[in-house]
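**Student:** Got a structure for you, written out below as structure tokens; questions coming shortly.
No lab work stands behind these numbers, since they all come straight from the coordinates. Quick caveat, the model's predicted, so the values are computed rather than measured. Every residue, glycine among them, receives a Cβ derived from its backbone with ideal geometry; neighbour counts consider all protein chains shown.
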């Protein structure tokens with residue numbers, strides 16, 4: 001489950017350690033933008049040590065590596081051997097770099113006795129070229145599990161200014177979602193950059209959810225609650241999903257593949273959406289055995 005993916009600066013030990021208790025679904029240890037050039041080596045060592053010695057639970061441990069070729073392989077080797085789950089290559093634009101990283105990961109896994117294909121990729125699309133070649137990136141290798149959007153760098157590349165409403169990125173968001181879904185992987189939305197605007201964050205996260213994103217990047221722990229609120233089904237949504245499944249099961253027993261519920265037709269796509277809703281509800285503990293909805297509070 002990837003509702004919230006929180007960036008942690010790789011050069012700040014206290015913030016990295018805080019990741020052990022913060023309630024993000026996934027943690028992104030940042031070796032790129034958050035780290036000054038003269039701190040790259042020390043940040044890599046700090047993150048690798050944290051991955052080895054700190055308990056981050058069963059959450060996905062993602063590392064945003066450096067775009068610089070001289071640093072890239074060092075980053076990947078260090079964090080993979082330390083226990084990272086997923087590599088986030090920045091400024092991805094097409095398949096060439098991802099295939100190169102895939103080959104390197106094959107080699108590292110083979111040498112270290114790691115299960116082949118265990119390390120995944122989550123390309124970060126931050127340029128016009130990245131959006132243009134989004135589907136190519138999504139299909140570059142079977143390791144790619146999601147495409148993520150980096151709105152700040154993208155806005156610079158597009159020559160536009162970022163707004164609270166984010167209308168300037170609407171087309172890019174939709175292009176990324178279509179590419180990801182066409183490839184059968186997840187789409188992760190760009191961070192909301194005002195750490196103190198909780199209302200704006202919630203609006204932005206709800207928009208992302210309505211567009212089809214499965215989760216959202218976060219730059220502040222203060223954003224996690226709003227992101228989870230947006231990407232977690234409500235009690236009413238869970239109840240309706242249970243009704244959909246029950247109605248369809250009854251219909252199929254009678255030889256009917258499309259049924260009516262609350263005056264609306266229920267067929268396979270509606271059932272699939274209901275199943276996704278229930279999958280999230282179970283993952284966050286809002287649905288217990290026998291279809292009983294737990295108290296969200």
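**Student:** Quick one: plug the Kirkwood hydrodynamic radius of the chain (C-alpha pairs) into Stokes-Einstein at 4 °C, 1.567 mPa s, and report D in µm²/s.
**Tutor:** 64
**Student:** Expressed as a whole number of Å, what is the distance separating the alpha-carbon centroids of the stretch 256-285 and the stretch 199-215?
**Tutor:** 21
**Student:** For a quick check: sort 139, 160 by the number of other beta carbons within 10 angstrom, fewest at the front.
**Tutor:** Least to most surrounded, the residues fall as 160, 139.
**Student:** Let me ask something additional. Report Rg(Cα)/(2.2 N^0.38 Å) for the stretch 63-204, keeping two decimals.
**Tutor:** 1.09
**Student:** Now for a separate question. Consider just the alpha-carbon atoms of the stretch 141-217 and return their Rg together with their Dmax, both in angstrom.
**Tutor:** 12.4, 38
**Student:** Cut-off is 10 Å between beta-carbons; in what order do 275, 115 appear when sorted fewest neighbours first? The partial results should precede the final answer.
**Tutor:** Values: 275 12, 115 7.
In order of increasing Cβ crowding within 10 Å: 115, 275.
**Student:** Could you give me the percent of Cα pairs per 5 Å distance bin for the stretch 1-44, shortest bin first, beginning at zero and ending with the bin that holds the maximum distance?
**Tutor:** In whole percents, the pair-distance histogram is 5, 26, 28, 19, 13, 6, 1.
**Student:** Here is a follow-up. Quick check: convex hull over the Cα atoms of the stretch 107-146, volume per residue in Å³, rounded to an integer? If you can, show how the numbers build up before the last one.
**Tutor:** Details: hull volume 2.8 nm³, N = 40.
With only Cα atoms used, the stretch 107-146 gives 70 Å³ per residue.
**Student:** Write down, largest first, the equivalent ellipsoid semi-axes of the stretch 1-143 in whole Å, where each equals the square root of 5 times an eigenvalue of the alpha-carbon gyration tensor.
**Tutor:** 22, 17, 16
**Student:** Moving to a separate point now. Name the residues of the stretch 257-279 whose amide N is less than 13 Å from a point 7 angstrom out from the Cα of residue 243 along the C-beta direction?
**Tutor:** 260-266
**Student:** Give me the number: length gained by fully extending residue 20 to residue 229, i.e. 0.36 nm times residue separation minus the C-alpha to C-alpha distance, one decimal in nm.
**Tutor:** Numbers: separation 209, 0.36 × 209 = 75.24 nm, distance 2.13 nm.
Here the answer is 73.1 nm.
**Student:** Could I have the simple spin-label model distance between residue 236 and residue 12, label points 7 Å from Cα toward Cβ, reported in nm to one decimal?
**Tutor:** So the label points at residue 236 and residue 12 sit 3.8 nm apart.
**Student:** Could you compute how fast the stretch 150-297 diffuses translationally, taking Rh as the Kirkwood radius over C-alpha pairs and applying Stokes-Einstein at 4 °C with viscosity 1.567 mPa s? Give it in µm² per second.
**Tutor:** The calculation lands on 75 µm²/s.
**Student:** Something else about it: Tell me, what is a quarter of the convex hull surface for the C-alpha atoms of the stretch 174-219, in nm² with one decimal? Let's see the in-between values first.
**Tutor:** Values: hull surface 12.0 nm².
It is 3.0 nm².
**Student:** Further question on the same structure: Suppose the chain between residue 156 and residue 96 were pulled fully straight at 0.36 nm per residue; how much longer would it get relative to their current alpha carbon spacing?
**Tutor:** 19.3 nm
**Student:** What is the Rg over Rh value, at two decimals, for the stretch 21-105, using alpha-carbon atoms and the Kirkwood definition of Rh?
**Tutor:** Values: Rg = 12.6 Å, Rh = 13.2 Å.
Computed over Cα atoms, the ratio is 0.95.
**Student:** Just order 259-268, 85-94 by mean Cβ neighbour count inside 10 Å, highest at the front, would you?
**Tutor:** 85-94, 259-268
**Student:** Can I ask one more? Restricting to the chain, what percent of DSSP beta bridges are antiparallel, rounded to 5?
**Tutor:** In the chain, DSSP labels about 15 percent of beta bridges as antiparallel.
**Student:** Extending each Cα 7 Å along its Cβ direction at residue 53 and residue 109, get the distance between those two points in nm, one decimal.
**Tutor:** Output for this residue pair reads 2.9 nm.
**Student:** Further question on the same structure: Pick from 183, 129, 247: which residue has the top mean-square fluctuation in a GNM of the chain where Cα pairs under 10 Å get a spring?
**Tutor:** 247
**Student:** Of the candidates 187, 112, 84, which one comes out as most mobile in a Gaussian network treatment of the chain with C-alpha springs shorter than 10 Å?
**Tutor:** Sorting by GNM fluctuation, first place goes to 112.
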